[in-house]
Amino acid sequence: ICFDEQGHVIFGSNNGEICIATCEKDSLKIEYRISNEQGFLGNSISWLVADPEGKLWAGTNKGVNCIDLDSLYMKGKYHIRFMDEEEGYKGQVSRSALIDRKGGLWISSGENLILLDTRRFYREKIPSGMIRLESLEITNLKTGNLRRLDTDSLKSSERKSMKMEHNENNLVFTWD
């Protein structure tokens, strides 16, 4: 259960449905229902967080759903963005989350703590399975030699494959 900036009560169920309601005297009036029919992914909701930017974050057994509440309230349109292991999210067993003042979504997942930059996540849509690589470091552990390739050399159309020595087996990827 959580509350958004407009004072709606938002709650989720174990069947993958989110209800957005308003309080009227001693009862709740459900105004919106979000489920698989609207593009929501997951059938068990672990946590919900509404951020000040008008987004609702929902952790499920499948990944994280980000619902644009402003679009829902103003236009009646369901805009849902989903993140799972393909995009690097490994918190499917998470149980709680909270948002900080800078827009960071902190997710508790087993023994891990995951930080998701919510503003960047919603603003930039990276095609599924794509990573923007900034650099690659290849270290020869035996001699300590280092080869560093920056973004420009990685973009080069002539570099389609790379051959490494058997002892160049320590790779460090930096991405944006």
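Values as computed for the structure displayed
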quantity	calculated
70, 51, ranked by accessible area, largest first (probe 1.4 Å)	70, 51
Reference-scaled alpha-carbon Rg (2.2 N^0.38 Å with N residues) for segment 1-104	1.02
Inverse mean reciprocal Cα-Cα distance (Kirkwood Rh) of segment 29-72, Å	11.0
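The values are calculated or read from the model by the stated rules, or taken from the named source; none is laboratory data. From a predicted model like this one, the values you see are computed outputs, not experimental measurements. All accessible areas refer to the heavy atoms of the entire protein, side chains included, with ligands and DNA or RNA removed. Shrake-Rupley method; radii C 1.70, N 1.55, O 1.52, S 1.80 Å.
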